[in-house]
Structure formats: C-alpha cells, structure tokens
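Below: the structure, in structure tokens.
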Amino acid sequence: MKRPLRAIAAAGLLAAGTLVAVALGGTASADTQICEQYGSTTIGGRYVVQNNRWGTSAQQCINVTSTGFSITRADGSAPTNGAPVSYPSIFVGCHYTNCSPGTNLPVQVKNISSAPSSISYNYVSGATFNASYDIWLDPSPKRDGVNQMEIMIWLNRQGSIQPIGSPVGTASIAGRTWEVWRGSNGSNNVISYLSPSAIPSFSFDAMAFVNDTRNRGAITGDWYLTSIQAGFEPWQGGVGLAVNSFSQSVNTGSNPAPTTSAPTTPPPSGGASCTVTYRAANVWNNGFTADVTVRNTGSGTINGWTLNYNLPSGQTVTNAWNATVSQSGSAVTARNVGYNGTLAPGASTSFGYQATLNGSYSAPSSFTLNGSTCARG
C-alpha cells in the first residue's frame, strides 16, 4: 500500500502555521477541543497532541485530556486500498518543526540505552483503523520535514487494511510475535510490526524495535531518533477511539552495535551442501528488488554465514533487509544478522535488497557460502 506521508504538505503546514501557533499557546489542563487541520497543544508539560488531519478536507475533531485524547468527530472516509485520512496522535520529539517541551531528541541511536514506553488505548467497533506506535529516524538530527525511516508498531487493525509494502517474516520482540512488513511510501522507508490480535495496553522498550530495524540493516547506530508518536490512522469512522494514557522517555547511554553470529562454520566438503534460490521480486526500468533464500543441505549446523556472488554489470545494491549486504565493484557479500546466523541441517533463511539497474536485468550465475559453492535452487 502506498500513501502520502502524514502531514506531508510543507506548504499546508506553513499555511496553517498561525493556526498551530495559536493552538500551542499554552498547556492543556483538561478537555481542550481541537478541530483545526494541524492544530496541536501540549499536555503534562512534555507531550504534544496533534489533530493532524492530512488526508481529507472533511472535518475531524479531538478532545484533549490531561493524559491523552479521544476522537469526537470523524467525517472523512477513504478507500481501504489507499491512504488513511489522518493521524491524530500524541508524541515526544520533533515533528515538522513542532518539538515537545524539554525533549532531548533528536539523539543518535548509539547513544540511547533505553526508551521505556507505555500506552493505553480505547477501541471502538464499526470503524476501519489501525492503532499505531510510530518511531521516526533519520541520518541527520532533523527537526523538520520528512525523516528517512519510519517504524510502525500496529497494536490493532480493524478492516481490510494492511501495512505499507509486503511481509518479510516474523520477529519476537517485547515478549510478543509480530508479522514484519517492509516497503516505502515514496517519501520514506517503512518497517511495520503487526500484532496478530488487538493489544489494548502495552508497556515495552521502544529501543527493542529500533534495534531490530538496525539488525535488518535499515539504519545504523549513527542515525538519529527524532520522535516517537502514538495514535490512530482512521480510514472510515473512528469516533470514540482514544489514547487514554501515554508515557515515553528516552534515556541516553551506550547502545553498541548488535553482534552477528560468529565464528562462521564452513559447510562440510565433498559436494554442494547448500542451495541458493535467487529471484527478482520486481523489475522496473532502472531498478529491481531481489529475494534470496539460503538453505543448509548438509548434515552439520552452520553457525554464522557469509554468502558471496557477483552481480551482472549495471546492478548496484542500495539497501537490504535481513542481512548485512555490501558491494565492491560487481562482488557482493551478504552476512547474517544477529537473529538468522544459525542454520541447522535442512533449515533456510531469506534476505532481500533493492538495487539500481542500468541495462537489461539478469541474475547472478553462482554463489558460495562460507567459501563453499552452493547449488542453485
């Protein structure tokens, strides 16, 4: 699914600047009504609550309390195969020049020791929406505009909607299993963690999701965490949806790079003991995405793996997931990340990447795993 970035139009924000400035005139003590498109206020001396109706001209209103907000009017409607109509939310950090009081964000990922989070939602029936916890990151300490990476934690989904991109596997984080999706909305990359069932309240460390995204090669420790937000993306309806309470801190301290499984174990000699299946998921005139599956067909466990191969001329890897992928000339090296380095006999793992393309597409001809030649799947 592709959609515009929420609150995307910088011109619209500038046009609404006077309006937002009025809404930001003081701290809400209780029950502040916001109907302005990008209207916002502060609560608790540290959080910003925003209406953020970016995808429709129809009216939307929120009622801001001392601990959260509720949607009191939701006239907008959008088809479920497209973008939602808004993202009313509460946040810490900086969102389009609007920074929460006293925030220490942006701060580099490598300098964050923990980010304890707590959220309590109220859900309603009959609406089409997701309840999402958004984490925004960028290579620079941005306090305005579009960030390059968005992490979405879907705590609830109602209706025939889905995250951006496509599913790439599952992850066990914060004591739960999540379906992981990966894609781009055209303005920024998105990794989404989808809960299989509704979660009405959740206490966790947001850095667990940031570190998983880091493990997937989507960001590095030098990137900056710029804001953390919690709210709803409604497509249809939504009156009564509420964030009852929200708590978010970002504690600084060392956050070293995740380790990969090591040392690597070479497959046994005496014939191919690994199989590589390589396919182009999508090919367009100047780029493509590839899915690669590595299978251990030997009798011993592989502890840590490195896959080597050469890309045909005109192909250059730009970003990857589920592996650390580097390229020198035509030579590509893909290494396991922390969670997929062990391959028992018969086990397999997959990774993927996006690449630019100059000329016609063709696939690599051969692969070696930890120095041993693999059969083609």
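The values are calculated or read from the model by the stated rules, or taken from the named source; none is laboratory data. What you see is a predicted model, and the numbers here were worked out from it, not measured in a lab. Positions of Cβ are backbone-derived with ideal geometry, glycine not excepted, and every protein chain shown enters the neighbour counts.
Please verify whether L311 is aliphatic (A, V, I, L, M) and either in contact with a Ser or Thr (Cβ under 8 Å, 6 or more places away or on another chain) or within 23 Å of M149 (Cβ to Cβ) (or both), treating the condition exactly as stated. Answer is yes for this residue. The number of residues in region 273-311 that are touching an Asp or Glu at 6+ places or on another chain (Cβ under 8 Å) and under 17 Å from S326 (Cβ atoms) comes to 0. The residue list T72, T56, T41 contains one member that is β-branched (V, I, T), modelled with pLDDT of 95 or more and surrounded by fewer than 21 Cβ atoms within 10 Å (Cβ to Cβ), which is T72.
Residues in region 78-98: is at least one assigned to a strand (DSSP E or B), touching a residue at least 24 places away in the same chain (Cβ under 8 Å) and of a type in the set (S, T, Y)?
First pass over region 78-98, keeping only residues assigned to a strand (DSSP E or B): 89-95, 98.
Still in the running and touching a residue at least 24 places away in the same chain (Cβ under 8 Å): 89-95, 98.
Restricting the remaining residues to those that are of a type in the set (S, T, Y) gives 89.
Yes: one or more hits.
The residue that is modelled with the lowest pLDDT, counting only those in region 176-216 that are under 25 Å from A290 (Cβ atoms), over 12 Å from the mean Cα position of the chain (by Cα) and surrounded by 18 or more Cβ atoms within 10 Å (Cβ to Cβ), is N215.
Test I161 against the criterion of being in the same structural domain as R214 (by TED's automatic domain parsing), crowded, with 16+ Cβ neighbours inside 10 Å, outside any loop (DSSP other than H, G, I, E, B) and modelled with pLDDT of 95 or more, and give yes or no.
Numbers: in the same structural domain as R214 (by TED's automatic domain parsing): yes; crowded, with 16+ Cβ neighbours inside 10 Å: yes; outside any loop (DSSP other than H, G, I, E, B): no; modelled with pLDDT of 95 or more: yes.
No; evaluated as a whole, the condition is false for this residue.
Kindly provide the set of residues from region 287-324 that are part of a strand (DSSP E or B), at pLDDT 90 or above and either assigned by TED's automatic domain parsing to the domain that holds S184 or aliphatic (A, V, I, L, M) (or both), ordered by number. Within region 287-324, A290, V292, V294, L307, V317 qualify. On the basis of being at pLDDT 95 or above and surrounded by fewer than 21 Cβ atoms within 10 Å (Cβ to Cβ), does Q248 make the cut? So Q248 fails the test.
Does S350 satisfy the criteria of being at pLDDT below 90, of a type in the set (G, A, S), surrounded by fewer than 20 Cβ atoms within 10 Å (Cβ to Cβ) and in a strand (DSSP E or B)? Answer is no for this residue. Residue check: D222 meets all listed conditions (1) part of a strand (DSSP E or B); (2) more than 30 Å from V64 (Cα to Cα) but one, namely (1).
What are the residues in region 355-377 that are modelled with pLDDT under 90 and buried (at least 16 other Cβ atoms within 10 Å of the Cβ), if any? Talk me through it step by step, then tell me what you get.
The initial filter retains those residues of region 355-377 that are modelled with pLDDT under 90, namely 370-372, 377.
Across region 355-377, the qualifying residues are N370, S372, G377.
Might you check whether a residue that is surrounded by 17 or more Cβ atoms within 10 Å (Cβ to Cβ), modelled with pLDDT of 90 or more and either of a type outside the set (S, T, N, Q) or closer than 30 Å to R157 by Cα (or both) occurs anywhere in region 254-274? Taking every residue of region 254-274 in turn, at least one turns out to be surrounded by 17 or more Cβ atoms within 10 Å (Cβ to Cβ), modelled with pLDDT of 90 or more and either of a type outside the set (S, T, N, Q) or closer than 30 Å to R157 by Cα (or both).
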